[in-house]
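Taking it in order: structure first as structure tokens, then the write-up.
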Amino acid sequence: MADDAKLREYLKRALSDARTAQKRLREVESSRREPIAIVSMACRLPGSVSTPEELWDLVVAERDAIGEFPTNRGWPVDDLYDPDPGAAGKSYTRHGGFLYDAAEFDPEFFGISPREAVATDPQQRLLLETSWEAFERAGIDPTTLRGSRTAVFAGIAGQDYAARLHEIPAELEAYVGLGTLGSVLSGRISYTFGFEGPSVTVDTACSSSLVALHLAAQALRSGEADLALAGGVAVMSSPAPFIEFSRQRGLSADGRCKAFAASADGTGWSEGVGVLLVERLSDAQRNGHPILAVLRGSAVNSDGASNGITAPNGPSQQRVIRTALANARLSPAEVDAVEAHGTGTSLGDPIEAQAILATYGQSRPDDRPLWLGSLKSNIGHTQAAAGAAGIIKTVFALRNGFLPRTLHVDEPTPHVDWSSGSVELLRESRPWPETGAPRRAGISAFGVSGTNAHIILEQAPAAAAAISPGVVDGAGVVDGTGVVGERADVLAESTWTGAPVLVPLSGRSPQAVRDQARHLAAHLRERLGRGGDPASADHVDVESGRAPVAELAAALATRTAFAHRAVAIADDEATLLSALDNLADGQPDRSVVIGVADPGPVAFLFSGQGSQRPRMGHELYDTHPIYRAALDEVAAALDQHLDRPLLSVLHADPDSPDADLIHHTAWTQPTLFAL
């Protein structure tokens, strides 16, 4: 009997251990597949695009962002062009998508000396700026993340900044190495912000930013990081890419990418930077961060030994799509659209289209083709930033239920058998098809070295969408004044009742505060004049209560609080605009308070009798829910020791007999304390 009891006890322990092990295995498996939330985005792209919202406006308006060569980089612009593709040292195109202000930078803001800034690749500078913006747009003060397990995965595809320095000036010798190293592209961000998660620079050419996002998702799921920046950047410091691809006959003569078009004649080089801030979905929900979209699955592979190291490979592209779908646990028919690589080459586009037809184009309902488009038709091929830019466009398409047109498609390329699957080019803009399921889209990028990446995004969960931010458009200033990234997201429940609103501004210098006021005033005027286009992501319906004044105030309250500060007290839009204009011009205004924060200790003073007045704080109580909730809590605690409710005295009508009670010591003390 004793042996039987021991055996039963042993079996119980074994079963308990087995259940525990199975539970842990399920948890591990679940964590490996946990969706990743995109909680913020930032960018600089051709067409003077400085924000994700401006990119969406550009594609919805069907604008072309291609322009002429920049004249501020020392390029021999007048001598560089030659229509003959065989002309040595020449480019047969003189157009592309450029960041004409790529040289602008505020080194002091990031603790970088002017001398070091000159020796630092503009690609590093742009990533610093957009990384800061990405955090603030998520309502996160970047200075609070020092020492955190925040990761950085930065994509790059070229480094020609140092090549322009034929002779390095003596004063720059100590800085050029770090300023142009690819590894420092990610490392400088981690160093500047004090992050202690993985910091990795990725170079898989044109697929770099999607590979960076794939690695960021893996780091989050494995627990290596709790928050991650992922993106890519491309700035051409020299015209070498145009000269090289002219020799290969790989460029579009007019600089435009005619994705999947019969008239496709080559790619069009462009520049840009795109940064995504990502987090485990469960963490984003718990932390109250905005959820713009969800990364359901991703995959990366290589062409292997194909028909040439630079030639795209159809079977490999099919495999990467199928692997991403498997990781997302989705069938091809559950994805509605694909933001394609779509560079506009007569070789690459047909191979990509056939891979999409062979995967997404099969087993679909007759009335639900896959919709195919390419952002490159608007802004050109932004190289290492291309995938991130495609993600940003797709996030807005998912949120707005709108598929923008792909430009420059005269007719679909005849080199593709379009009848082999259910895939349609987005030759016209259209509403996103309603299926009763969440909207989903794939994004592709293929590197010239053979590294392919595919990402599958899904519309944000309904609960997240209900509280997702209405984007507030501030202004980014990079002019030596110490202000960058003046943009943020605001909770949709931020409403305005018409009571005075405090609009806070801060910067590293008085000039930074004035510049911020100027840009906010310009933005506010733009928003007030904007119509109600359903494709516009940040339309504001003032009559509904979601006014720009309250949204700007709520957004700015989440920003990093620098020493130099100003507060504009606004009753309405006109009052705020007048206050901002005067602040920007350095003129006194009764509605503006200016000061410098004292970094010393803070003390709270309870002043005793003498400052009380009837109905003090009543307007605040009526208009600000947070204040009302706090006062109710304090009043409820004090009411246990008073012979009548505290609020009946604190908020008594001035003409009533109870109003005089507030001047009696027994009531003055508790009402002042509660206030």
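The values are calculated or read from the model by the stated rules, or taken from the named source; none is laboratory data. In this text, all values refer to a predicted model and were calculated from it rather than measured experimentally. Here the Cβ positions follow ideal geometry from the backbone for every residue, glycine too, while neighbour counts run over all protein chains shown. Surface accessibility is based on the protein's heavy atoms, side chains included, excluding ligands, DNA and RNA. Shrake-Rupley method; radii C 1.70, N 1.55, O 1.52, S 1.80 Å.
Do you know which of the residues in the stretch 1-58 that are loosely packed, with under 14 Cβ neighbours inside 10 Å and among the hydroxyl-bearing types (Ser, Thr, Tyr) is modelled with the highest pLDDT?
Pass one, the stretch 1-58, residues loosely packed, with under 14 Cβ neighbours inside 10 Å: 1-30, 32-33, 48.
Still in the list and also among the hydroxyl-bearing types (Ser, Thr, Tyr): 10, 16, 20, 30, 48.
Numbers: Tyr10: 85, Ser16: 81, Thr20: 76, Ser30: 54, Ser48: 96.
Looking at residues that are loosely packed, with under 14 Cβ neighbours inside 10 Å and among the hydroxyl-bearing types (Ser, Thr, Tyr), I get Ser48.
Residue-wise test of (1) open to solvent by 50 Å² or more (accessible area, probe 1.4 Å); (2) of a type in the set (A, V, I, L, M, F, W, C); (3) in a loop (DSSP other than H, G, I, E, B).
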position: Asp283; (1), (2), (3): no, no, no
position: Pro290; (1), (2), (3): no, no, yes
position: Asn307; (1), (2), (3): yes, no, yes
position: Pro312; (1), (2), (3): no, no, yes
position: Ser316; (1), (2), (3): no, no, no
position: Ala326; (1), (2), (3): yes, yes, no
position: Gly344; (1), (2), (3): no, no, yes
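Hey, can you tell me all the residues within the stretch 72-83 that are closer than 21 Å to Phe245 by Cα and either among the polar types (S, T, N, Q) or in a loop (DSSP other than H, G, I, E, B) (or both)?
To start, the set of residues in the stretch 72-83 that are closer than 21 Å to Phe245 by Cα comprises 73-83.
Hits for the stretch 72-83 are Arg73, Gly74, Trp75, Pro76, Asp82, Pro83.
Quick one: would you say Arg405 is part of a loop (DSSP other than H, G, I, E, B) and in contact with a Leu (Cβ under 6 Å, 6 or more places away or on another chain)? Criteria met by Arg405.
When you scan the stretch 497-518, do you find a residue that is at pLDDT below 90, of a type in the set (A, V, I, L, M, F, W, C), under 17 Å from Thr623 (Cα atoms) and surrounded by 16 or more Cβ atoms within 10 Å (Cβ to Cβ), even just one? Scanning the stretch 497-518, I find at least one residue that is at pLDDT below 90, of a type in the set (A, V, I, L, M, F, W, C), under 17 Å from Thr623 (Cα atoms) and surrounded by 16 or more Cβ atoms within 10 Å (Cβ to Cβ), so the answer is yes. Here the stretch 120-153 is the region considered, the condition is being without any contact (Cβ under 8 Å) to a residue 60 or more places away in the chain and assigned to a helix (DSSP H, G or I), and the residue that is farthest from Gly274 (Cα to Cα) is Thr144. A search for C-beta distances below 8 Å between a residue of the stretch 184-199 that is without any contact (Cβ under 8 Å) to a residue 60 or more places away in the chain and any residue that is buried (at least 20 other Cβ atoms within 10 Å of the Cβ) and assigned to a loop (DSSP other than H, G, I, E, B), counting only pairs 6+ apart in sequence or on different chains, returns Ser190/Gly197; Gly197/Ala225; Pro198/Ala225. With the structure loaded, tell me whether Gly387 is assigned to a loop (DSSP other than H, G, I, E, B) and open to solvent by less than 20 Å² (accessible area, probe 1.4 Å) or whether it fails that test. So Gly387 does not fit the description; no. Here Leu215 passes the criteria (1) modelled with pLDDT of 95 or more; (2) in a loop (DSSP other than H, G, I, E, B); (3) on the phi < 0 side of the Ramachandran plot except the one numbered (2). Here is a list of conditions, (1) on the phi < 0 side of the Ramachandran plot; (2) over 31 Å from the mean Cα position of the chain (by Cα); (3) not β-branched (Val, Ile, Thr), and Phe562 meets all of them except one; can you say which number that is? The failed condition is (2).
With respect to Leu372, is the statement that it is aliphatic (A, V, I, L, M) and in contact with a Leu (Cβ under 6 Å, 6 or more places away or on another chain) true? Yes: the conditions hold for Leu372.
Within the stretch 561-591, if we keep just the residues that are in a helix (DSSP H, G or I) and farther than 17 Å from Val513 by Cα, the residue that is most open to solvent (accessible area, probe 1.4 Å) turns out to be Ala574.
Test Pro588 against the stated conditions and say whether it is out of contact with any His (no Cβ under 6 Å at 6 or more places or on another chain) and at pLDDT below 90. Full working, then the answer.
Working: out of contact with any His (no Cβ under 6 Å at 6 or more places or on another chain): yes; at pLDDT below 90: no.
Answer is no for this residue.
For the stretch 246-261, filtering for residues that are touching a residue at least 40 places away in the same chain (Cβ under 8 Å) and either of a type in the set (Ser, Thr, Tyr) or open to solvent by 50 Å² or more (accessible area, probe 1.4 Å) (or both) leaves 7.
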